[in-house]
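A short worksheet on the structure shown next.
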Amino acid sequence: MALALDIPLIEVNHMQAHVLAHFIEAPKPAFPFLCLTVSGGHSQIVLIQDFLDMKIIGETQDDAVGEAFDKTAKLLGLPYPGGPLIDKYRD
């Protein structure tokens with residue numbers, strides 16, 4: 001589509017974007033840190049050394065972590081998907 005419209009195409013790594021979203025608001029994490037990313041069909045434990053220095057140290061074969069969030073939300077009477085709401089109320 002970008003080629004047809006003669007506009008730039010910018011590559012964005014979906015999972016890196018989830019990690020970097022932690023820097024949008026305070027408090028911001030200090031490097032290095034571990035991050036559990038749970039999105040769609042991906043669940044990863046990532047060692048974050050710097051903004052673009054990330055190493056996947058573990059990942060699931062399915063979306064087991066995401067399923068746990070959704071099932072917990074259902075038990076609590078929260079709407080689907082449950083992950084964002086559980087994250088919102090974690091404190």
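The residues of segment 20-65 that are in a strand (DSSP E or B), within 20 Å of residue 82 (Cα to Cα) and either out of contact with any strand residue (DSSP E or B) (no Cβ under 6 Å at 6 or more places or on another chain) or in contact (Cβ under 8 Å) with a residue 40 or more places away in the chain (or both), listed by number, are 38, 39, 42, 43.
Residue-wise test of (1) open to solvent by less than 100 Å² (accessible area, probe 1.4 Å); (2) modelled with pLDDT of 95 or more.
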{"site": "3", "(1), (2)": "no, no"}
{"site": "7", "(1), (2)": "yes, yes"}
{"site": "21", "(1), (2)": "yes, no"}
{"site": "26", "(1), (2)": "yes, no"}
{"site": "37", "(1), (2)": "yes, no"}
{"site": "42", "(1), (2)": "yes, no"}
{"site": "46", "(1), (2)": "yes, yes"}
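Residue 60 fulfils the conditions (1) within 22 Å of residue 11 (Cα to Cα); (2) polar (S, T, N, Q); (3) under 16 Å from the mean Cα position of the chain (by Cα) except for a single criterion, (1).
Scanning segment 66-91 for residues that are assigned to a helix (DSSP H, G or I) and among the aromatic types (Phe, Trp, Tyr) yields a single hit, 69. The numbered conditions (1) open to solvent by 50 Å² or more (accessible area, probe 1.4 Å); (2) within 15 Å of the chain's Cα centre (by Cα); (3) more than 14 Å from residue 16 (Cβ to Cβ) are all true for residue 65 except (1).
Scanning segment 20-35 for residues that are over 15 Å from residue 52 (Cβ atoms) and among the small types (Gly, Ala, Ser) yields a count of 2.
One residue stands out among those in segment 9-19 that are closer than 18 Å to residue 50 by Cβ and in a helix (DSSP H, G or I): the one that is least open to solvent (accessible area, probe 1.4 Å), which is 19.
Of 50, 63, all but one fail to be among the charged types (D, E, K, R) and touching a Ser or Thr at 6+ places or on another chain (Cβ under 9 Å); the exception is 63.
The values are calculated or read from the model by the stated rules, or taken from the named source; none is laboratory data. This structure is a prediction, so every number in the text was calculated from the model and none was measured. With ideal geometry, Cβ positions are generated from the backbone for all residues, glycine too; neighbour counts draw on all protein chains shown. Just the protein is used for accessible areas: all its heavy atoms, side chains included, with ligands, DNA and RNA removed. Shrake-Rupley method; radii C 1.70, N 1.55, O 1.52, S 1.80 Å.
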